[in-house]
Amino acid sequence: MAQFTCEICGAEFEQKSRYEQHMLTSHPKQAVSAADIEKALKGVEFPKKRSELVDTLSDEEQEVRDIIQQLPDREYRDAAEVARAFGELRTHEKAPDTQPSKTGGQRAMQAPSAARFASMFAGMRFPANREQLIDHASSNASDQEMQTLEKFGDHSYRSMADVTKELEKVE
């Protein structure tokens, strides 16, 4: 009669060593992934230093905690930045500074977004020329958004899609 039963597949073993070998070969434990790290950090308010991140993790997340303790001791802006540092740790290669969350985040903070422009032109009647766009947006646009509008070509815009295309050209 078997003393050890696999909880996953039901295989039975009389010797503990065979059961343990079965678990290692047939049902290996998944390594922690970047997605696991991001999931463990869900709800954490950033920025946080490495030591603060470790303190936010529960005992059930010991493997993630061990990995975060190995990361460089610095402040992290978001979970994606922690995941990127994990990737560098795992591959022993530094990620380039042109990562989307860095360059995209910086650019997004500087450049007006299409969604923001769409909200500025809510209720706008098309077709409209550049001056009509400027007049419509003047009440709720920032100085930077107004400067962007000044760069628009002086022609007729048939729809918000035309405005979005022009925005891409002038950025």
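Is it the case that residue 64 is modelled with pLDDT under 90, surrounded by 13 or more Cβ atoms within 10 Å (Cβ to Cβ) and assigned to a loop (DSSP other than H, G, I, E, B)? When the stated conditions are applied, residue 64 does not pass them. Within the set 71, 57, the sole residue that is of a type outside the set (Ser, Thr, Tyr) and modelled with pLDDT under 90 turns out to be 57. Could you list all residues from the stretch 86-143 that are closer than 24 Å to residue 36 by Cβ and at pLDDT 70 or above? Of everything in the stretch 86-143, those that are closer than 24 Å to residue 36 by Cβ and at pLDDT 70 or above turn out to be 86, 87, 88, 89, 90, 91.
Which members of the stretch 115-129 meet the condition of being assigned to a helix (DSSP H, G or I) and surrounded by 18 or more Cβ atoms within 10 Å (Cβ to Cβ)? Selection gives 117, 120. Here residue 29 meets the list (1) at pLDDT 90 or above; (2) among the charged types (D, E, K, R); (3) assigned to a loop (DSSP other than H, G, I, E, B) almost entirely, failing just condition (1). Regarding the stretch 75-84, can at least one residue be identified that is surrounded by 12 or more Cβ atoms within 10 Å (Cβ to Cβ), in a loop (DSSP other than H, G, I, E, B) and touching a residue at least 24 places away in the same chain (Cβ under 8 Å)? Yes, there is a match, as at least one residue in the stretch 75-84 is surrounded by 12 or more Cβ atoms within 10 Å (Cβ to Cβ), in a loop (DSSP other than H, G, I, E, B) and touching a residue at least 24 places away in the same chain (Cβ under 8 Å). Is there a residue in the stretch 1-15 that is touching a strand residue (DSSP E or B) at 6+ places or on another chain (Cβ under 8 Å), among the charged types (D, E, K, R), without any contact (Cβ under 8 Å) to a residue 60 or more places away in the chain and outside the structural domain of residue 79 (by TED's automatic domain parsing)? Yes: one or more hits.
For residue 155, the conditions (1) surrounded by 12 or more Cβ atoms within 10 Å (Cβ to Cβ); (2) at pLDDT 85 or above all hold with the exception of (1).
The values are calculated or read from the model by the stated rules, or taken from the named source; none is laboratory data. The shown structure was predicted, so the numbers you read here are calculated from the model rather than taken from an experiment. Because the Cβ atoms are built from the backbone with ideal geometry, glycine has one as well, and the counts that use them run over all protein chains shown.
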